[in-house]
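K.L.:
After the structure tokens below, expect a handful of questions from me.
The values are calculated or read from the model by the stated rules, or taken from the named source; none is laboratory data. What you see is a predicted model, and the numbers here were worked out from it, not measured in a lab. Using ideal geometry, Cβ is built from the backbone for each residue, glycine included, and neighbour counts are taken over all protein chains shown. Each accessible area value is taken on the protein alone, full model and side chains, heavy atoms only, with ligands, DNA and RNA left out. Shrake-Rupley method; radii C 1.70, N 1.55, O 1.52, S 1.80 Å.
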Amino acid sequence: MDDYNGSHVIDYMGRNNGSVVGNALQVDNGYFGKGFEFDGAGDYIKVDGATTLNLTNFVSYGGWIYTTH
């Protein structure tokens, strides 16, 4: 997810556009360019109908978490 236009999150690869649920905020200091900040109270990015995310085999997920505590 690369850009947020106020209602939709745009994936510049053109595959997995989504929408913000809750109070997720776009920030400019993501690991690879822009990212999103979640406050832990029901925030997420919803991606509907993304066939590239329908996993049929084993998969590993990775992420970067930055804490201020």
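K.L.:
Search region 6-22 for residues that are within 11 Å of ILE45 (Cα to Cα) and pair each with any residue that is basic (Lys, Arg) and open to solvent by less than 60 Å² (accessible area, probe 1.4 Å) when their beta-carbon atoms are under 7 Å apart and the residues are at least 6 apart or on different chains.
P.N.:
none
K.L.:
What strands (runs of 3 or more DSSP E) completely inside region 3-69 contain at least 3 residues that are open to solvent by 90 Å² or more (accessible area, probe 1.4 Å)? Talk me through it step by step, then tell me what you get.
P.N.:
Values: elements: 19-21, 25-30, 33-37, 44-46.
Where strands (runs of 3 or more DSSP E) fall fully within region 3-69 and carry at least 3 residues being open to solvent by 90 Å² or more (accessible area, probe 1.4 Å), they are 25-30.
K.L.:
Test GLY18 against the stated conditions and say whether it is of a type in the set (Gly, Ala, Ser) and touching a strand residue (DSSP E or B) at 6+ places or on another chain (Cβ under 7 Å).
P.N.:
yes
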